[in-house]
Each structure stands twice: as C-alpha cells, then as structure tokens.
There are 2 protein chains.
Amino acid sequence: MSVTIREVASRAGVSIATVSRVFNNSDPVDEGTRARVKKAATELRYVPNVLGRSLSMRRTDSIGLLLPDLFGEFFSEVIRGCDQTAQQSNFHLLVSSSHNNRQEIEAALRMMRGRVDGLIIMSPHIDANTLIENLPRTLPVVLLNCHVDGDDFDSINIDNRGGVSAMVRHLLSHGHTRIGILKGTEHNLDAAERLLGYREAVAAGSAVLSPDLEVPGSFSEASGYDAAGKLLSLRPRPTAIVASNDSMAIGALSAIRESGLRVPEDIALVGFDDIPVAAYITPSLTTVNVDIDGLGVAAITQVIHAVKNRNAHTKQHSVLPTRLSLRHSCGCTNQQTSHQSQKEVTAETT
Amino acid sequence: MSVTIREVASRAGVSIATVSRVFNNSDPVDEGTRARVKKAATELRYVPNVLGRSLSMRRTDSIGLLLPDLFGEFFSEVIRGCDQTAQQSNFHLLVSSSHNNRQEIEAALRMMRGRVDGLIIMSPHIDANTLIENLPRTLPVVLLNCHVDGDDFDSINIDNRGGVSAMVRHLLSHGHTRIGILKGTEHNLDAAERLLGYREAVAAGSAVLSPDLEVPGSFSEASGYDAAGKLLSLRPRPTAIVASNDSMAIGALSAIRESGLRVPEDIALVGFDDIPVAAYITPSLTTVNVDIDGLGVAAITQVIHAVKNRNAHTKQHSVLPTRLSLRHSCGCTNQQTSHQSQKEVTAETT
DNA sequence: CAATTTGATGTAAACGTTTACATGCGATAC
DNA sequence: GTATCGCATGTAAACGTTTACATCAAATTG
C-alpha cells in the first residue's frame, strides 16, 4: 500500500537504519549515501509513517485539547491561540469537543490516551478523581477554567470574579444602587464565579442585594432577552443590568429597546467577554475584556513545558487577569465615537 | 511505563492473543477466561495502546479536519457539526487550523498523513496538484468550499452565488435600484462568489451596476464600518447595502447610524451567514441563512462513506442550499417583534 | 608498527498491538 | 470405534519505525 522505509533502503542499497539516520539526522552519514537515500526517497515519495515512529519513540508530538460544546466566538479564539502556539513548538493539536457530561469526558480521555503527549482540558464536568483514574500519571495535563482541587494538575483560570466585581464597582461609581444580573448557565463554573463577583461588589457597595435581582439564563442571546424581560418588570425597576456574557447582553438590549426604554439613559447595561461585535452594537457595549487568545497560548506553553520535564515539575495555578472595556452602554461619556480608536478606555480589574 | 497487553496476559494466565480477543470480541472466548482477563485488566488499569493497534490494523478511526485561520462563530459551528457526527460513527476528529498559505497547508497535510483515515479540507489556498502530490491516492478527501477542479475529490460548496442573488432580487422587489455591496476579503472564494451573485441579480434586474457601488472589505466588523462609510458618501446615495457577511453588516449598521440615517427607512441593509446575533440587533438583520452545522455533518458523512468504500467510490460534488431570513433591516414589515417566534419568514433561494 | 580512536554502516531487538495458522480436545456423527 | 467438526487457546509473524550494539575499515596516536 504505502511505501515503507524498507523499500527506500533497498532502492538506495543501504540498510533501513541508514535511511532512518538520514531522515532524523541522528548519526553521521556519508554525504554520498545520504544523497542516494534522499533521491530514492523522493522518487518513491516516501513519507515516514508517524505511527511506527511514535510507537518506537514513545512520543507523538501532539497535544490534545478537550472542549465542551462549542458555541460562539469564544472557542474559535481558544483553539486558534492553542494551535498557533503549538505549531511554533512543532507540536500538533488534536481537538475533541462536545463533551457535556462525565461519561463523554471519560470516553474522550481514553481515546486521547496514547495519541497525545499532553492534554489541555476545558470542561466543567470534570473532577480530580475522574482524571486520575482515567489517565496515566505521567501524562501532563493543564486544566482550563475547571474547578479541580489539589495540586495534581496545572491549571489556568479566568478572573471571572474579579472582573465582574470591578464592573459592578464601576456601575456603583455611576450612582447605581439597584443592579440586576442575568445569570449564566446553571452549574457552570464561569457563571457561578461571575455571580459571586457580582454579589461581593454589590454587598461591599451597600447596594441592593436581593434574589429578585438575580435571574437565570444560559449564555445565549435568547436567554438574555427573556431574563432581561423579567428584570424590567420588577418594581422598583433596576437601573443597571449586568449580563453574564456579551451574547446575553445583546439579547437584553433587544428586550430593553422593545419595552421602550433607552440604554444607557434609562438603564445601564454591561457584558462579559468583549467579543468583537461588542464595540459595534448601538450603544457600544461596556464589558469585561478577556484575553482569550492569551489563554490558549498560556495553556500550550505550560503543557509543553510539562512534556519536556516529563511532568515532574511542581504544578502551577495561575489566574488570567481581565480588564474593563468602558464604552457607552454603562453611561460613560468620555468616549470617542469612532470605532477606529486604537486606545479604548480601559481599566485594570485588580 | 504504561501497562501492556503482555502483563495482563501473564496475570490472567493466558496468551496475549486471548487478551486481544477479549478486548475486541473478535473470537469466541470461554466465559471463565474472559472474566479472568477482564479482572486482570481492570486491576492493572490496562488500556490498549492505540498506536500499536492502529499500526497493526492499518486504520486510526480518526478523521482530520484542516481549517484556515479561525475567526467568528462560523468555524465553531463547522467543528461542532463534524465532531458530533464523527462521534456517532465512532470516529474521532483531529483538527488543525491556521493554515494560510500553501506551505503551511502542505506541512499540515504531511503531518496528518498516517494519523487519519480520511481528510476534510477547508482552505482557499489549495489546488488539486498540491493535494495529489502530498497525499496517498487511497486517502479519502472531502473539500469544503474549496475551488478545485476535476473529479479526483469529493467536494461540498455553499451556494454563495444563489444566496446573494436571491437576496438582491428580494431588494429589487422592494423597489431598490441603486444597491451597493461591501465586498469580502480579496482572493477569498466565498467573497468572489457572493460578488458574482450580486452582479448577476443586479444586471438581470436592470438595476445600477457600477464599480463605485462595489467597495472592498475583509469580513470583519471594522471593515464593514469603513466600507459602509464610503458607500454613504456617494451621490446619489445607494438605497440598499448588501454586506458580504453578517459581521460586516453589523459594522455597516454602526456607520449608517453615526451618519444620522435610519435602517431600513433611509437605507436597507442585508447580510450573509445568519449568525445568532443577527436576530437580536436593532433592527433585526435580514440575511442569507446557511446551515453551517449541516455542512460539517455532510462532510463527515461523506468522508466516512469514502473510508468504508476504501475511496473507490465515484466522487461527488454537492452544493449546500441557502435560504433567506427576512427580518427588519431590509424593510420587510410582516415581522413579529418577538424573537421567540419559531417560524421566521424564510424563502428558498433557488 | 601496534594500539586506539573515529566514522560509516549493518543487525536485530524493541515499541504494543492484531490475526493467520496451528494445536489440542471434547462432542457429534456414522 | 474412528472420522469429523467446532471451540478455546497458543504461536509467531506481521505493522513501520528507532536505536543499542556490533562490525569493519581507515585514520590517528604513541
């Protein structure tokens, strides 16, 4: 079927070891024979079989990336960040997605086993035990935005809490005291942490803390639309709304407009993520900026480091900072109207 | 390091062949020994090594997906469609992205070689020769939105031309005769085809066909904003704008609003793709709907079919139809205000 | 000039599976 | 009672590499 190292060897009149040496530059080879081997190889269109190679070398030069159900722009960015960084280090990326419960995750873990030298896992449905039971101890793992205790694995988390908290403080500084929140998907770690950040800042700022002001949602435009409707029917009505992500904020904006209210004059609105479209809706959306691409870069860097150290390094837990992108929807007025502006008004959230 | 089939065999007191048989249900095995093997395997936490397995069986049970630079929601959807469909057929997905020139594509092709049983390629930078030269003839390939001649490979294309053409006819039916277009990225196949569809329908409808009405862009919100600005400064001003995708339409909307004009009263605006956010901006965006998820599903289905037929089937070229999502931005008035509406007004584009 | 090093290559044993073939044995058939 | 069958299992050869070790000639060293 496919041409093997043996055929190249016999055509070049050498042993397979020599062919291997030529392709790996692993040992000195006479220039003459090297040329003969190369010639034979190109004539036969020989490409080394990666499986044989990996089996023999006990490494695959690839990194696995386990993701939950993909939606929106977020994961595109994560994948891009990972892939580009991996390529720079001569690693390949093996992505597997759509794992929305423990069983699916376990199946994915097993299938990745043997195929990759390291693993990046982004899944709310994972716990330390599942991992330890399904993976060889020597396999480097970096957890992205997972809630896993212990020091068995590296982890990187987004500063959800700090980001929302800073945003709420910003709203408080505008004079708001009755601030509602559109919550994200239930049992989702990001959603939970953002809610915590909201409560923390609301309480610290002596604003109104009430279950009525916390309405459920699911990170989609549709759920933002619905949830905002509920907040708007409260009396007294909240004067500001925090959406758990930008998509929900966009849905909320649509609902607010239909009810005849204006943003930001009648009600302030803010989001989370800072997806590209946030700057282009009217009014432009004030939101918490996350360096999504940087998340992927950091994860790959860390896992490759672990691979090179044979996973014997001390595990690290890092938190990716966020910053505020202050635009019009919160009522800030010191904004240029042009979207071309290179320097938007931002503020560190820490 | 990792526990192998040999250790399981010796612990269960059988040969490695029997262990293999138990794990593959390939031959009858006595219930007693089967139980002993299973017990030994779980005690040792044995997981078959996929590389050895693939090497021996000459198949990997995985499909490669080659993508260009990822951005926006589009690719998330493609990947999701592919992954879910692949999983249903017990295949795994190996994604590699960020290939923006011929060299990178070739490198990716080589690296996929041996790792996958079939390949889905989505890249404008590919041609039949590159493929034929870098891939074994037996490897099934499905081309997604690529412009490749010949009958060597299966292909699936989006009906860009028909979609835009239908949309322009819709605008003509609203009475518009001076319609501008915001072009997509240069040298991009989708962009070129959409432009063709525009010209075709404009010419057929005896509307104004002029280079001034075709302004360059690059599929991003920012480029839509800029390009729209140029159209708005024309005199006479176009009364309708076709954006080459939804992101550009959103950028354009922002620019139109800043110039003090209203959509759709002063100027109609339409997009392409029908990304989720299109229904939630104000006014809701009339756009060409593409079943992105279905694209992934179709691609995987086709490539798996080819794998099972050892790539000996006759190659197919199919075109994915589009339909119009008629909302407010084009001036249609027969719209419900609620986003919850299950049945939006749609029209087949063919 | 003998001893040692160096360079170029070949041999064969891994790596962890699957599977064609062989073997042995109890049961059925006649 | 022998021939035939089928089941359960073992043996060993693939699959396509890498690499430790061996070999041998030529060059260097003293």
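The values are calculated or read from the model by the stated rules, or taken from the named source; none is laboratory data. Not measured: the values here are computed from a predicted model. Neighbour counts run over all protein chains shown; Cβ positions are idealised from the backbone, glycine included. For the accessible areas, the whole protein counts, side chains as well, though only heavy atoms, and no ligand, DNA or RNA atoms are used. Shrake-Rupley method; radii C 1.70, N 1.55, O 1.52, S 1.80 Å.
So for the protein assembly as shown, what percent of the C-alpha to C-alpha distances run longer than 41 Å?
On the way: 90167 of 244650 pairs.
Every Cα pair in the protein assembly as shown considered, those over 41 Å come to 37 percent.
Which order do A:VAL303, B:VAL14 take when ranked by solvent-accessible area (1.4 Å probe, heavy atoms of all protein chains), largest first? Working shown, then result.
Working: A:VAL303 0, B:VAL14 35 Å².
Final ranking, largest accessible area leading: B:VAL14, A:VAL303.
Using the crude model of +1 on Lys and Arg Cβ and -1 on Asp and Glu Cβ, and no other charge, please compute the dipole size for segment B:5-48 relative to its Cα centre, in debye to 20.
Numbers: 8 positive and 5 negative charges, 28 e Å.
Once rounded to the nearest 20, the dipole reads 140 debye.
Counting GluC sites (Glu not before Pro) as exposed when in a DSSP loop with at most 11 other beta carbons within 10 Å, what is the longest stretch of chain A free of them? Mind dumping the intermediate values first?
Numbers: sites that count: A:GLU186, A:GLU265.
It works out to A:1-185.
Given a cut-off of under 8 Å on Cα pairs at least six residues apart, what relative contact order in percent is computed for segment B:5-48?
Details: 34 pairs, mean separation 18.3, N = 44.
It comes to 42 percent, rounded to a whole number.
Taking A:LEU261 in one copy and the same position in all the others, each labelled 7 Å out along Cα→Cβ, what are the pairwise distances from the first, in nm, shortest first?
In ascending order, 3.2 nm.
Measure off, as a whole percent, the carbon and sulfur share of the 1.4 Å-probe accessible area of the protein assembly as shown, all protein chains present. Walk me through the intermediate numbers first.
Numbers: 14910 of 30210 Å².
C and S atoms contribute 49 percent here.
Return the value, in Å² to the nearest 100, of accessible area buried between chains A and B (probe 1.4 Å, both sides summed). Intermediate values should be presented prior to the final figure.
Working: alone 17600 and 17620 Å², together 30210 Å².
Protein heavy atoms only, the A-B interface buries about 5000 Å².
What shape does segment B:30-118 take by its C-alpha gyration tensor, where a ≥ b ≥ c are the square roots of the eigenvalues and a/c under 1.5 counts as rounded, a/b above b/c as prolate, and the rest as oblate?
Working: a/c = 3.46, a/b = 2.18, b/c = 1.58.
Judged from the Cα gyration tensor, segment B:30-118 comes out prolate (a/c at least 1.5, a/b above b/c).
In nm, what is the difference between 0.36 nm times the number of residues separating A:THR4 and A:LYS38 and their Cα-Cα distance?
10.9 nm
For segment B:211-296, which trypsin sites (Lys or Arg not before Pro) pass both filters: DSSP loop (anything but H, G, I, E, B) and at most 10 other C-beta atoms within 10 Å?
Details: sites: B:LYS230, B:ARG257, B:ARG262; in loops: B:ARG262.
Sites meeting the loop and neighbour criteria: B:ARG262.
Quick check for me: using +1 on Lys/Arg Cβ and -1 on Asp/Glu Cβ, what's the dipole size of chain B about its Cα centre, in debye to the nearest 20?
Values: 34 positive and 38 negative charges, 225 e Å.
Computed about the Cα centre, the dipole is about 1080 debye.
Size of the dipole of the protein assembly as shown about the Cα centre, Lys and Arg at +1 and Asp and Glu at -1 on the beta carbon, nothing else charged, in debye to 20?
On the way: 68 positive and 76 negative charges, 366 e Å.
Result for the protein assembly as shown is approximately 1760 debye, rounded to the nearest 20.
How much net charge surrounds A:SER259 when only other residues with a Cβ under 15 Å from its Cβ are counted (Lys, Arg +1; Asp, Glu -1)? Kindly include the intermediate steps, with their values, before the conclusion.
On the way: positive: A:LYS230, A:ARG235, A:ARG237, A:ARG257, A:ARG262; negative: A:ASP226, A:GLU258, A:GLU265, A:ASP266.
My count for the surroundings of A:SER259 gives +1.
Quote to one decimal, in nm, the extra length available between B:ASN25 and B:ASN309 on full extension: 0.36 nm per residue of separation minus the C-alpha distance between them.
Values: separation 284, 0.36 × 284 = 102.24 nm, distance 2.35 nm.
Here the answer is 99.9 nm.
Provide, for the protein assembly as shown, the number of lysine pairs with alpha carbons under 25 Å apart, each pair being eight or more places apart or on different chains.
Details: A:LYS183/A:LYS230; A:LYS230/B:LYS343; A:LYS343/B:LYS230; B:LYS183/B:LYS230.
Qualifying lysine pairs in the protein assembly as shown: 4.
On a 0 to 90 degree scale, rounded to 10, what angle separates helix B:102-112 from the longest Cα axis of chain B?
30 degrees
Where does the protein assembly as shown land at 222 nm, in deg cm²/dmol rounded to the nearest 500, when only DSSP H runs of n ≥ 4 count, each adding -39500 (n - 2.57), divided by all residues?
Values: 24 runs with 288 residues, N = 700.
The helix contribution divided over the protein assembly as shown gives -13000 deg cm²/dmol.
What's the FRET efficiency of B:SER210 with B:ARG137 using the Cβ-Cβ distance as r and R₀ = 45 Å, to the nearest 0.05?
Here the calculated transfer efficiency is 0.40.
I need the calculated FRET efficiency for the pair B:LEU234 and B:THR130, taking r as the beta carbon distance and R₀ as 41 Å, to the nearest 0.05. Show your work: numbers first, answer last.
Details: r = 41 Å, r/R0 = 1.01.
The pair B:LEU234/B:THR130 has a calculated efficiency of 0.50.
Considering the options A:ASN25, A:SER62, A:THR85, tell which one lies farthest towards the positive end of the dipole of segment A:9-157, charges being +1 on Lys and Arg and -1 on Asp and Glu at the Cβ, about the Cα centre.
Looking along the dipole axis, the top candidate is A:ASN25.
Do any trypsin sites (Lys or Arg not before Pro) in segment A:279-323 lie in a DSSP loop with no more than 11 other beta carbon atoms within 10 Å, and if so, which? Can you show the working numbers first?
Working: sites: A:LYS308, A:ARG310, A:LYS315, A:ARG323; in loops: A:ARG310, A:LYS315.
Those that pass, being in a loop and sparsely packed, are A:ARG310.
Averaged per residue, what accessible surface does chain A expose to a 1.4 Å probe, in Å²?
Ligands and nucleic acids excluded, the figure is 43 Å² per residue.
State, as an integer percentage, the relative contact order of chain A based on alpha-carbon contacts under 8 Å between residues 6 or more apart.
On the way: 651 pairs, mean separation 54.7, N = 350.
In percent, rounded to a whole number, it is 16.
Need the C-alpha centroid separation for segment B:73-97 versus segment B:177-252, integer Å.
One Cα centre to the other: 32 Å.
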